[in-house]
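Chemist: I am attaching a structure below and will ask some questions about it afterwards.
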Amino acid sequence: MPAIEEPIRYQEERRYPIPPGEAWRLLADTEHLNRSIGLPAVEFSPLEGGELVRRARARAYGVVRVRWREFPFDWVRERRYAVRREFETGPIEWLVGGMELEPADGGTTVTSYAYFKPKNVAGRFLWKLGRAPVRGLLEFCDLYLERKQAGKADPVPVPRARPAVDRDRLERLLERLREAPVDERLVERLRERILEGSDDQLTKVRPYALAEAWGIEREEALRFLLHATRAGLFEPSWQLMCPNCRVPKATVDELGELPPQFHCDTCGIVYTVDVERHLELRFSIRPSVRETSDEIYCIGGPLRMPHVFAQQHLRPHEDRPVELDLRDPLQLRTIGSTHQLTLQAGPPARVDEVKLTYAAGRWTGPHSLEADGTLTVPAGAAVTLRNQTDGFVLVLLENLERTRDATSLADVSELREFDDVIDLDGAVGARRG
């Protein structure tokens, strides 16, 4: 009988002169990261079973077909993230890949790792293949610093391959945009992004996320994209957002296309569409200017849900410590359950550990610390999540202010000068209806 292969861990670390928050914003956008370091596009199935896994397949190195079961990401904001894959083909049984951040001397130490178990002797030689994404993440950080020092408006690295752009048309439309009351520097930034940026930077663009990336006011970013739309560079669309996970579930070009109800496979709920709460305006580059692909490179990374401070996928009867920053209250909930518990910071007390237990669809903690759906965590106390059920649970710890990155219907309906760009009369009518 062949010997059981032992798991292998490969990791590298480097220190960077950037704070953990900046490193997190750079590396937690796993969709963009995977595109940029050359990982393959992936086909994902809907969520399956009580484990909340997806079946996935890709072509490694563009040739070898690989199939696996992908579990939900685990993360704690500005500290760490990881994802587990269990392979159906190939010489690897499972792999956990991720990264960790540690403040260090005014900067951040970034640790990138791949932890996997070979199925056989051949699998033990694949540690060299696991080295590529590990090093790729750190090289992504290196290139970010180089671009930042070079004064790039968009220092986040992009894929090496340059997209096909209709340059003549682009320059004509940019000249039209310059005639609008916009900052010339933003026009140049947009030009660079269209010529060099990755597809995900130009499709379903969120105005407020762009404002943060470019260091400008939110309204200025929104107005700039609306002027760019009027000039013929972008197409607007409305994203239907799940009220729980805040992930886009469908796209509609016209508000008249809105369905009365929609299903979220992630949360397992059907919800009635509320145009005030569930709509978000986004912008995509027109295909006549630049062709883009809708391929997916990662489906569950942390920045898909920026309002979520931590997500943890707990196995049956698992206890897991989790590092919490309770400067602001957090809402604790579990996918598939409507029960919620608010966590808030409290003064020091004679409590070393607070254990939060999930059973029968509810979260409970020490009775002495809980009142009216709010649990007070004493300063300095460690927090442990316990899954007391026989099934898997996906735990979310969310900021209570959950829509700050979304451009809502209310934001847009005040901008009457853009009636020719967005059907604001129809929007207001949909809102009132």
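The values are calculated or read from the model by the stated rules, or taken from the named source; none is laboratory data. Keep in mind it's a predicted model, so treat the numbers as computed, not measured. Counting neighbours? That spans all protein chains shown, and the Cβs are built from the backbone with ideal geometry, glycine included.
Chemist: Could you go through the range 244-256 and let me know if any residue there is over 23 Å from Thr292 (Cβ atoms) and either at pLDDT 95 or above or acidic (Asp, Glu) (or both).
Modeler: No: zero hits.
Chemist: If Tyr208 meets every condition in (1) within 22 Å of the chain's Cα centre (by Cα); (2) under 19 Å from Arg147 (Cβ atoms) apart from one, which number is that one?
Modeler: Failed condition: (2).
Chemist: For Pro287, only one of the following conditions fails: (1) surrounded by fewer than 20 Cβ atoms within 10 Å (Cβ to Cβ); (2) of a type outside the set (Lys, Arg); (3) touching a residue at least 60 places away in the same chain (Cβ under 8 Å); (4) assigned to a loop (DSSP other than H, G, I, E, B). What is its number?
Modeler: Among (1) surrounded by fewer than 20 Cβ atoms within 10 Å (Cβ to Cβ); (2) of a type outside the set (Lys, Arg); (3) touching a residue at least 60 places away in the same chain (Cβ under 8 Å); (4) assigned to a loop (DSSP other than H, G, I, E, B), Pro287 violates only (3).
Chemist: Check the range 375-382 and report whether any residue there is closer than 17 Å to Glu323 by Cα, surrounded by fewer than 19 Cβ atoms within 10 Å (Cβ to Cβ) and not small (Gly, Ala, Ser).
Modeler: Checking the range 375-382: at least one residue is closer than 17 Å to Glu323 by Cα, surrounded by fewer than 19 Cβ atoms within 10 Å (Cβ to Cβ) and not small (Gly, Ala, Ser).
Chemist: Which condition from (1) at pLDDT 95 or above; (2) within 22 Å of the chain's Cα centre (by Cα); (3) surrounded by fewer than 17 Cβ atoms within 10 Å (Cβ to Cβ) is the one that Glu188 breaks?
Modeler: (2)
Chemist: Tell me which residues, restricted to the range 313-332, are closer than 14 Å to Val395 by Cβ and touching a Phe, Trp or Tyr at 6+ places or on another chain (Cβ under 8 Å).
Modeler: The answer is His313, Leu314, Arg315, Pro316, Leu324, Leu330, Leu332.
Chemist: May I pose another question? Could you list, in sequence order, the residues of the range 152-185 that are among the aliphatic types (A, V, I, L, M) and surrounded by 15 or more Cβ atoms within 10 Å (Cβ to Cβ)?
Modeler: Across the range 152-185, the qualifying residues are Ala153, Val156, Val158, Val165, Leu170, Leu173, Leu174, Leu177, Val182.
Chemist: Something else now. Answer with yes or no whether Thr357 is farther than 16 Å from Ala310 by Cβ, in a loop (DSSP other than H, G, I, E, B) and either touching a helix residue (DSSP H, G or I) at 6+ places or on another chain (Cβ under 7 Å) or modelled with pLDDT of 95 or more (or both).
Modeler: When the stated conditions are applied, Thr357 does not pass them.
Chemist: Output the residue which, of all residues in the range 332-354 that are modelled with pLDDT of 95 or more and polar (S, T, N, Q), is surrounded by the most Cβ atoms within 10 Å (Cβ to Cβ).
Modeler: The qualifying residue surrounded by the most Cβ atoms within 10 Å (Cβ to Cβ) is Thr342.
Chemist: Being buried (at least 17 other Cβ atoms within 10 Å of the Cβ) and assigned to a strand (DSSP E or B) is the filter here; which residues of the range 360-369 pass it?
Modeler: Trp363, Thr364
Chemist: Right, something else. Which of the residues spanning the range 258-280 are of a type in the set (Ser, Thr, Tyr) and either modelled with pLDDT of 75 or more or out of contact with any Phe, Trp or Tyr (no Cβ under 8 Å at 6 or more places or on another chain) (or both)?
Modeler: Selection gives Thr266, Thr272.
Chemist: Please find, within the range 53-70, the residue that is farthest from His307 (Cα to Cα) out of those that are buried (at least 19 other Cβ atoms within 10 Å of the Cβ) and touching a Gly at 6+ places or on another chain (Cβ under 9 Å).
Modeler: Applying the filter and picking the extreme gives Trp68.
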